[in-house]
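The block underneath contains the structure these notes are about, expressed in structure tokens.
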């Protein structure tokens, strides 16, 4: 998903005042997040929380490292750590909430809803 949403846009945009932005637009990052929510929620609803969290986190971390590793300053490592931390935290939260909503929405074994 990283390659589909972020991999093709590698240039920075120069604004009229001379400042630069990018290389990604907000809609690209939002698209990536929304696209990844589907498999994370699907896996978490089936009680595969570790796979949802670790698979997504490792995948995005490796993709960010590969995409940004040509930065000569070495500061790309900070960005990769931020991607890893953010992905780990958000996917863990989404997975736990999804699993608990799915569990609470079903009748318990034996037909007793309490």
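FYI, it's all coordinate maths here, none of it is from the lab. Note that the coordinates shown come from a computational prediction; the quantities given were computed from them, not determined experimentally. Heads up, the Cβs are rebuilt from the backbone with ideal geometry, glycines too, and the neighbour counts pull from every protein chain shown.
Computed quantities for the displayed model
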item: Expected 222 nm ellipticity per residue - DSSP helices of 4 or more, -39500 (n - 2.57), all of the chain, to 500; result: -21000 deg cm²/dmol
item: Of [x] 15.4, 49; [y] 12.3, 36; [z] 18.4, 68, the label for Rg and Dmax of the Cα atoms in Å derived from the coordinates; result: [z]
item: Cβ-Cβ FRET estimate between residue 9 and residue 54, R0 fixed at 30 Å, reported to 0.05; result: 0.65
item: Segment residue 97-residue 71, extension gain: residue separation times 0.36 nm, minus the distance between their alpha carbons; result: 5.7 nm
item: Where Rh is the Kirkwood radius over Cα pairs, Rg/Rh for segment 40-102; result: 1.12
item: For the chain: relative contact order, % (alpha-carbon pairs under 8 angstrom, 6 or more apart); result: 25
item: Crossing angle, helix 49-68 versus the chain [Cα axis fit, 0-90 degrees, rounded to tens]; result: 10
